[in-house]
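Presented below is the structure to which this report refers.
FYI, it's all coordinate maths here, none of it is from the lab. Given the structure is predicted, the values throughout are model-derived calculations rather than measurements. Glycine also receives a Cβ, built like all others from the backbone with ideal geometry; neighbour counts cover every protein chain displayed.
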């Protein structure tokens, strides 16, 4: 089946891993990259515009694209975070078509399906990726998030916000 068959959110999420045998692990393993302890002036966010499911390999492709662009342009002077986690386990009832396929399949009898991957459900206006940078890296972050949004199955928008600088009070 194609990835677009899993994009639409329908039904209850299938997430109870203690009852599911043999599901594949999510491809995305790192959710934070860059320098988490540094103070940055700007936050650039990738926001989902539609409700959908994003497969784990699409999240990983977006993460790799954004991280590669940021590390080329800003070396390690950024902090990036991927927010959604792929909890929902996707199933497929494999059907074989062609000559003599009738001996290998049962049609809709016991058609529950086998686990084939995981996906994250996102809502409209939910953050997908957040990047924190200084003033000189805002354009690079916007360009990186644009490249990352091309890997995702839903339309996204990019929001730039200036962070409040916390000043130490001398009392």
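Relative to the longest principal Cα axis of the chain, at what angle does helix 56-74 sit, 0 to 90 degrees, rounded to 10?
Around 20 degrees separate the two axes.
Tilt of helix 138-149 relative to the longest C-alpha principal axis of the chain, in degrees (0 to 90, nearest 10)?
Between the helix axis and the principal axis of the chain, the angle is about 0 degrees.
Taking the Cα-to-Cβ direction at residue 35 and at residue 17 and moving 7 Å from each Cα, how far apart do the two end points lie in nm?
Result: 3.3 nm between the two label points.
So for segment 29-96, Kirkwood radius off the Cα pairs, Stokes-Einstein at 4 °C and 1.567 mPa s: how many µm² s⁻¹?
91 µm²/s
Taking 1 over the mean of 1/r across every pair of different Cα atoms in the chain, what Kirkwood radius in Å do you get?
Across the chain, the inverse of the average 1/r is 18.1 Å.
Taking the alpha-carbon set of segment 1-60, what are its Rg and Dmax in Å?
Here Rg and the maximum Cα pair distance are 16.0, 46 Å.
May I ask you to order 145-154, 108-117 by the average number of other C-beta atoms within 10 Å around their residues, highest value first?
Packing proxy ranking, top to bottom: 145-154, 108-117.
With label points built 7 Å along Cα→Cβ from the Cα atoms of residue 72 and residue 161, find their separation and express it in nm.
2.9 nm
With equal scatterers on the alpha carbons only and no solvent term, can you work out the Debye log10 of I(q)/I(0) for segment 114-156 at 0.20, 0.22, 0.34 1/Å?
Scattering profile of segment 114-156, log10 relative to I(0): -0.76, -0.86, -1.24.
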